[in-house]
Amino acid sequence: MTINGAMPKQMTGMTNSASTQRLRWFLSFVLTPLVLYLLTFVALTWPAVQFISTHFLTGADDGLQNVWNLWWVNKAVTQLHQSPLQTAMLHFPGGTTLLGHTLNPFNGLLAIPLLRFMSLVQTHNVIVIFSFVVCGWTMFLLAYEVSRSYAGAILAGFVVTFSAYHFAHARGHLQLVSLEWVPLCLLCLLRLLRRPSIGMAIAASGVLLLVELCDHYYLFYCVIAGVLMGAAQLLKRGDVPLKNYVLPLITFLICAGATTGVLAIRVILANQRDPFQLAHDPAVWSNDLFGGFVPGISWRWAGLTRGYWEMVGAAPRNAVEPCVYLGWGTIMLAVIGWWRRGSRDPKGPGGRGYWLSVAGVFFVLSLGPRLWIGGRDSDLSMPYALLEEIFPPLRMSGMPVRMMVMVQIALAVLAACGFATLKRKLSGKLHPIGWCMIALIVIESCPAAFLLTAPAVPRYVRELQSLPERGGVIDLKSDMFASLYYQTIHEKPLAWGYISREPQSVAAEGKHLWDLLGVEDYTALRRKMGFGYLIDGKPRSDPRLKLRFHDGEAWIYAIEE
């Protein structure tokens, strides 16, 4: 009730109190973690941020593929007004589907507004930093939900976002750097099972879609973790009546099926119609038994463990994928968190037993179809082989080692609990033991120098940019990585094109093109296939090739009929 339009003093006080609480929550649970992880990223990767406008914060191989991804999504959506999941800019003239490609459309969509006032270099780098910072924040939220320890949750966010895995894939796998939605997805699923509601069901399905728009692997991992979460809830003697779950779970399944499910089914059907090539061999790209316990090349002092990571990274493997070091500081805190869980530890997905099971399941699956020990194949069959039989689409991935990221997340949650236990047992103060744990985790998280790639553009690319459109371009001068970046400059369709999973028909068309080049059938290349230019690293003499440019390093020819 009001008097002369004035609000009663009691209501004014209540409103001010509520506003103050919301402000405090925002400062404590949003702004502070975000600023903290941003400053920590700058410190750990220094001086990388000094090059945010001049160099791509990534390597020159797969990193340039992801630069192309950002450019292509922007071009497809804002200029061509088409779905970015199909392109005619690569593998001209037929084009190719990008359903199996590591396109990470979320980052491409995020790039669209950024490219309005930033360069492609700045946009890419801002997205990299965004992923690291937001990943720390979402992991902080998940760990706080389970541990109820603010300091422990802050530490958990640090452990995951500045992990060896995260820094290793920053060398070129932007889709894997975009880990930020996985912890948030697990948090939403956890809340959906703890306190079922239609709103949380919609939120969980929305975040699951964000996971899928970043990486197919992460979607599969969240599904496995969600199944384990549901099983843990069923085994628990819950205090929530089963009828309370019916409508929220139906809502979640409908929303997830209509969004994420549609995209996932399209990928599976595309692979059935036209099988993807270039899939990795899971027997090769598996985690070594000791991989989680020995630092790899992404560590600042990787020279101390060179003997191990060179052994497990030997051909045909590389040294990046085995970088799944969990950190002994994290492991010790996780052990404390599990060992001292107490009788009050909740049952079901909110309890520490669930997170231990997640760590165990994903660790075993990360070992792949056969066990590797010290860089050697033991020929011992592992459960991953059975999982491939149960779920055949898994064969499209072939990278079981990447499942270790879920082990890192689960251990970080347990480490947050362990840190809270340690602090409580030591009279609420950060005892020297706690400082030692933090120091160890920081040392183990210090990354090697961030890879930087200069956006250099050769003269012939600028010249090609200025030439009129005449159809496709056959680029025999550039490597498969650089040619993608150069296309963001000249914007002309290319023969071939490096994509993660190439459909069988596209590979066959590419071979046919090589055959025509082998017999120098330029008439067919021009008249039947529509190619207008050929770029080579050496001069060619043929009356059907008209020289348009050369600088002693590259020759551009117009293909005539």
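The values are calculated or read from the model by the stated rules, or taken from the named source; none is laboratory data. Note that the structure is predicted; figures quoted are calculated from it, not measured. So basically every Cβ, Gly included, is an ideal-geometry build from the backbone, and we count neighbours across all protein chains shown. Just so you know, the surface numbers come from the protein's heavy atoms only, side chains and all, with ligands and any DNA or RNA stripped out. Shrake-Rupley method; radii C 1.70, N 1.55, O 1.52, S 1.80 Å.
Taking amide H as placed 1.01 Å from N in the peptide plane, the amide H of Arg548 sits under 5 Å from that of Ile556, Tyr557, Ala558, each at least 5 places away or on another chain.
Packing order of peptides 326-338, 150-162, 252-264, 533-545, highest average first: 150-162, 326-338, 252-264, 533-545 (average count of other Cβ atoms within 10 Å over each peptide's residues). Over all pairs of different C-alpha atoms, region 462-561 has a mean inverse distance whose reciprocal, the Kirkwood radius, equals 13.9 Å.
Here the peptides 493-501, 399-407, 469-477 are ranked by packing, the mean other Cβ count within 10 Å, and the order with the highest first is 399-407, 493-501, 469-477. Based on the Kirkwood approach, the hydrodynamic radius assigned to region 392-501 is 19.7 Å, with every pair of different Cα atoms included. Note on the chain: lysine pairs with Cα distance below 30 Å, sequence gap of 8 or more or different chains, count 26. In region 420-538, taking the dipole from charged Cβ atoms about the Cα centre, the farthest positive-side position among Ile438, Val519, Ile535 is held by Ile438. Of the peptides 304-311, 282-289, 139-146, the ranking by mean beta-carbon count within 10 Å, highest at the top, reads 139-146, 282-289, 304-311. For region 33-100, the solvent-accessible area of protein heavy atoms averages 37 Å² per residue (probe radius 1.4 Å; ligands and nucleic acids excluded). Set the Förster radius R0 to 30 Å, insert the Cβ-Cβ distance between Ala258 and Leu387 as r into 1/(1 + (r/R0)^6), and round the FRET efficiency to 0.05. My answer for the efficiency is 0.65.
Full extension of the segment from Trp435 to Ser197, taken as 0.36 nm per residue of separation minus the current Cα-Cα distance, would add 81.6 nm. Whole-Hz Karplus values for region 83-100 come out as 5, x, 7, 9, 9, 9, 7, 10, 6, 4, x, x, x, 7, 6, 10, 4, x Hz, taken residue by residue from phi with 6.51 cos²θ - 1.76 cosθ + 1.60 and θ = phi - 60°; glycine and proline positions read x. Over region 469-561, what is the relative contact order in percent, taking alpha-carbon pairs closer than 8 angstrom and at least six residues apart? Value for region 469-561: 32 percent.
Computed extension gain for Leu247 through Trp328, at 0.36 nm per residue and net of the alpha carbon distance, reaches 24.8 nm. Under a model in which nothing but the beta-carbon of Lys, Arg (+1) and Asp, Glu (-1) is charged, region 346-482 shows a dipole of about 760 debye around its Cα centre.
Counting charges near Pro369 (Lys, Arg +1; Asp, Glu -1) among other residues having Cβ under 11 Å from its Cβ returns a value of -3. Length available on full extension from Arg395 to Arg148: 0.36 nm per residue minus the Cα-Cα distance, which gives 85.0 nm. Here the chain has 64 percent of its accessible surface on carbon and sulfur atoms, given a 1.4 Å probe and all protein chains in place. Only Lys, Arg, Asp and Glu carry charge here, each on its Cβ (+1 for the first two, -1 for the last two); on that basis region 332-388 has a dipole of about 440 debye about its Cα centre.
Could you tell me which label, among (1) 249; (2) 200; (3) 160, carries the value of volume of the Cα convex hull per residue in Å³ calculated for this structure? Checked against the structure: label (2).
Restricting to DSSP loop positions (anything but H, G, I, E, B) with no more than 12 other Cβ atoms inside 10 Å of their own Cβ, which trypsin sites (Lys or Arg not before Pro) remain in region 193-275? Within region 193-275, the qualifying trypsin sites (Lys or Arg not before Pro) (loop, at most 12 other Cβ atoms within 10 Å) are Arg237.
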